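Please treat every number below as a calculation from the coordinates, not as lab data. The structure displayed is predicted, hence computed values, not measured ones. In this analysis, Cβ positions are derived from the backbone assuming ideal geometry, glycine residues included, and neighbour counts consider all displayed protein chains.
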Amino acid sequence: MAIIDLNSDLDKLINEKEFIISYVGEDELNKLLYKIKKHSKLEIYAKPILLLNQFDIKISPYFIQTIDKVIDNKYYENFMYKKDILISEINRKINFLKKSEYKSNNITLKLLRYIYVRNITLVPYQTIENKYGYTYPKIDHFLDKGEQNFFEIFDYLVKRFLLETNFVDRCHFCLECYSPFLNFKEVCPRCFSVNIKSEPLIHHFECAYVGLESEFKHGKKMICPKCDKELFHLGVDYDKPSFMYICNKCQYEFQEALIQTTCFNCNSTFDVDNVILKDIFEYKLTTLSENAALFGFESLFDKIIDENLEILPNYIFNRFLEIELIRIQRYKKSVSTLVRLNLSNLDEIYKDLNNFEKIKKIFVQLADLIKTFLRTSDVITVFNDLIYGILLIETSIDGAKITTKRLKEKITELFEVNLSQTYQIDVSLKEINKDSNLDEIMEFFK
Amino acid sequence: MFEIFDNYFRFLFAIDEDKFFQMFWHFIIFEASKYIFLVAIVLIYYMFQRKRIKKLEDWARIQLYREYPLISVIVPGKNEGPNIYKLAKSLSEQTYQNYELIIVDDGSNDDTYLICKDLLNRGIIDKFISNPDRGGKASAANTALRFSKGKYIVHLDADSHLRYDAIENILLPFYIDETIGAVGGDVRVNNVEASLATSLQGFEYLKSISIGRFVADKLDVMRLISGAYGVFRMDVLKRVGGWDVGPGLDGDITLKIRKLGFGVVFNIESICYTNAPIKFRTLAKQRFRWDRSIIRFRLRKHIDILFNKNFKIPLKMAIIDNLLYNVLFDIFWILYLIYIMNSFTPYLGYILVTNYILYIFENYIKLGLILLFIGDTLRLKDYISFLVIPLIPIYTGIFLKLVRIYAHLMEFFFRVSYYDKWNPWKVSKVVKEKGI
């Protein structure tokens, strides 16, 4: 049991079960939360935080969400002697993650580990304090104020199937600064002035005159400017078929105003069609989160294939290509073939499977398959999103076609037998001959 | 067969001048005198005036371009979206370019709103006003008028398009005579080739609008500017309060302008092509609507023009003639039939056949005048309409005549135009109650 304040040395309290903060005000609590959550050690940033409200001060709903539990003064003594399930569970998971050999101070991993340890759903909190309009109190203090753009981090985790989403709201953001504080306004489509007014059109049935309402108004009476007759009843003598806008600045008359928005934050103005529309979600963990919390974010298959194949960095692979091209052009006899193997939709497999061990096994087999397909003289690299580039030395395109066809069949079989689902592997080929040029070859991988 | 022809020719050669008049007085009085001799005289007179008129027009053209006023082209209509692009394109190819194109959507229930909004955003039309609740053609035209900025208002039907020099030409009369309040354009049938009905209308438009109105104009008895294509001075339109509730609002506004003392002329050099009804059934409906207006507007609403000092004697006579011709002509036709049936019973067949031949002959004379006069402006496909000339007597003499008689009787006795769906019921109800 450790009651901490801003002067506490957190490293010395690493073995405590929880941090207890005596609540004296939002400012101090805020600073302490930053101090804890920006710490690099898992045992500190993920440790349970209790807030002791000794003086019965009203705590804002936001801050209640930032900590794990609030303890009233009168229950404090009792609480200390009781074993709290929540705290025990958090500490159990911290201990579990401590076993991992994978160490990283990457903020995304920190967040994922924190969410994993808490096993919480991140609920968006609407606020004007944050420039993005929404914040996630549980994880707010992992980033400095002002650099809090969690959306990119969430998008990354969602793309990797490490978080799943639940739609909450749809929000408009500024095109320039991503602020949600936008002033939507109807403007004149000709001079863009906001100084516009709208007026109904009046259609007098009897004489077919149509004009603005103001033309008919004479005090409380409505008199037709064409036939001077008084209009009494809407729907009987006249109707209002539509309305018009009139720009007070340029006198332009129009029916459909242009909608523009001005950002309160950066003052830029743009058409409403250009605002960034973003969905706001709740986030919770997926079945793969534990694996990522333990091993990090690199694709499981990346890791496996790295271990089984000798993957070259891109720049070395490119150098090989250059040398191979020069060699072919010099001797004008041989040809080689480039293979573009796209396994990027392999991540989809993650989504539907819970059996981590089984996936791992299959991926090892998949890596082995690719390995058997390569000769020792062939070189392989990986581009973004699991696109593999393979240079088959002294192999004609016809030869490569036969080999890749066999590889495709084997991979399809592997997935069908083990997972009872089909997996379409995407393979394309390019021959390198004496007429090839390097730019054209490099385009092949884009 | 030979005997029939032989007898017929014996009959023809046996009739002397007196007999000819007795047997064919209806044709001689109502057709030949008016539609051949008068027309021919006017056209021949005009041939000698051509150079002088040309000089005046050249001068007017210089004045027009010196001033270069803004023209508002207004197109009111319902469900006309699909026609607007073609219309806008024909306007963009005009020699006169200082215009604004205003489209008023009068309660369309198709994609007109989306089409026009897109055209507006692309800058193809200048103003688009959508009234989701239909108010009728007059209110739509008045809406456009209310938001027009031009010195002159061109009223166009959406399914029309203009010849490249139409707008420039139609404006010239305003710069020749400043008392002119409105100018009618020459409306021709665009889709002459579409069906027999459109071919017949193609020839009918050429003789009754192109030639007929040209002659009426030269005699200063123009009574109608087509709703399909006409141009009005903005100040004059404002003075008459725009269009009144139709149907027949085009004839109505022409007479209202005349009443104020402004001139109304026709310009044969300004050509507008419009799509005519393809089916006889639709055509009958259209004419039923048009023909009723002569009773509703000429006979009821504007009968006071006969006592209006702004109307010159020839125009008054023309209006009387128009009323008599349209209404009494039908009665005379029936009287004529009774007369020949009684007086020349054995020759009835021969007389009817001869009448038919005379009518065809009359139409071929008109064809000659058309070719002589406006032959250079005819499109190749306009010649299709000349193939149906032998059928014109049936078309005008029977089909259109029956529709006209029916329309006149229905309007005279039952005021059927007030129940026409052409106007929304909320409008028809009010104008019927007020007896407008």
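When chain A is treated as a Gaussian network with alpha carbon springs shorter than 10 Å, the biggest mean-square fluctuation among A:K217, A:K69, A:K371 belongs to A:K217. Normalised by residue number, the volume inside the convex hull of the Cα atoms of region B:1-122 is 271 Å³ per residue.
Compared with the direct C-alpha span, the chain from A:T422 to A:Y34 gains 134.9 nm at full extension, assuming 0.36 nm per residue. Arranged from fewest to most other beta-carbon atoms within 10 Å of their beta carbon, A:I276, A:I432 become A:I276, A:I432. Peptide B:125-131 has a mean of 4 when you count, residue by residue, the C-beta atoms of other protein chains within 10 Å of its C-beta.
Residue by residue, region B:278-295 carries 3J(HN,Hα) couplings of 7, 9, 4, 4, 5, 4, 4, 4, 4, 5, 4, 5, 5, 5, 5, 5, 5, 6 Hz when phi is fed to the Karplus relation 6.51 cos²θ - 1.76 cosθ + 1.60 (θ = phi - 60°); x denotes Gly or Pro.
Which number do you get for Rg(Cα) / (2.2 N^0.38 Å) in region B:46-177?
After normalising by residue count via 2.2 N^0.38 Å, the value is 1.17.
Quick one: angle between helix B:2-14 and the longest Cα principal axis of chain B, in degrees between 0 and 90, rounded to 10, please. With both axes taken from Cα atoms, the answer is about 90 degrees. Rounded to whole Å, give me the distance from the Cα center of region B:219-268 to that of region B:135-182. With region B:219-268 and region B:135-182 each reduced to a Cα centre, they are spaced 10 Å.
Across all Cα pairs in the protein assembly as shown, the calculated P(r) in 20 Å bins from zero up to the longest distance comes to 11, 26, 19, 20, 17, 6, 1 percent per bin.
Mean per-residue shielding of peptide B:146-153 is 2, counting Cβ atoms of other chains within 10 Å of each Cβ. Using Cβ point charges alone (K and R +1, D and E -1), the dipole size of region A:108-152 about the Cα centre works out to roughly 200 debye. Nearest 10 degrees, 0 to 90: what angle lies between the long axis of helix A:314-331 and the longest principal axis of chain A (Cα atoms)? The angle comes out near 70 degrees. Over 11 Å apart: what share of the alpha carbon pairs of region B:221-262 falls there, rounded to a whole percent? Every Cα pair in region B:221-262 considered, those over 11 Å come to 63 percent. The GNM of chain B, with springs linking C-alpha atoms under 10 angstrom apart, assigns the highest mean-square fluctuation among B:S195, B:S417, B:S343 to B:S343.
Couplings for region A:167-180, taken from phi via the Karplus curve 6.51 cos²θ - 1.76 cosθ + 1.60 with θ = phi - 60°, read 4, 10, 7, 10, 10, 9, 10, 5, 5, 8, 10, 6, 7, x Hz in order; Gly and Pro are left as x.
Residue-wise HN-Hα couplings along region A:3-15, as the Karplus relation 6.51 cos²θ - 1.76 cosθ + 1.60 with θ = phi - 60° gives them from phi, are 8, 10, 9, 5, 8, 5, 8, 5, 4, 6, 9, 4, 8 Hz; Gly and Pro carry x.
For region A:128-277, the percent of C-alpha pairs falling in each 10 Å distance bin, counted from 0 to the bin holding the largest distance, reads 10, 24, 21, 15, 15, 9, 6, 0.
Other residues with beta-carbon under 12 Å from the beta-carbon of B:R134 carry, at +1 per Lys or Arg and -1 per Asp or Glu, a net charge of 0.
Enclosing the Cα atoms of chain B in their convex hull gives a volume equal to 156 cubic angstrom per residue. Here is the P(r) of chain A: all C-alpha pair distances, binned every 20 Å from 0, give 18, 32, 29, 18, 4 in whole percents.
Please report Rg over Rh for region A:189-256, where both radii come from the alpha carbon positions and Rh follows the Kirkwood definition.
When Rh is taken as the Kirkwood radius, the ratio is 1.04.
Set against the 2.2 N^0.38 Å expectation for a compact globular protein, region A:2-164 has a Cα radius of gyration ratio of 1.03.
Per q in 0.18 1/Å, what log10 I(q)/I(0) does a Debye calculation on the alpha-carbon atoms of region B:64-139 return? With no solvent term, the Cα-only Debye profile gives -0.69. Taking amide H atoms as placed 1.01 Å from N in the peptide plane, the amide H of A:V70 lies under 5 Å from those of A:L51, each 5 or more residues away in sequence or on another chain.
For region A:147-213 versus region B:79-108, the spacing of their alpha-carbon centroids is 31 Å. Starting from the Cα of A:K408, draw a straight line to each of the aspartates and glutamates and keep only those under 17 Å, dropping any in the same chain fewer than 8 residues away. Partners within reach: A:D368, A:D398, A:E416, A:D426.
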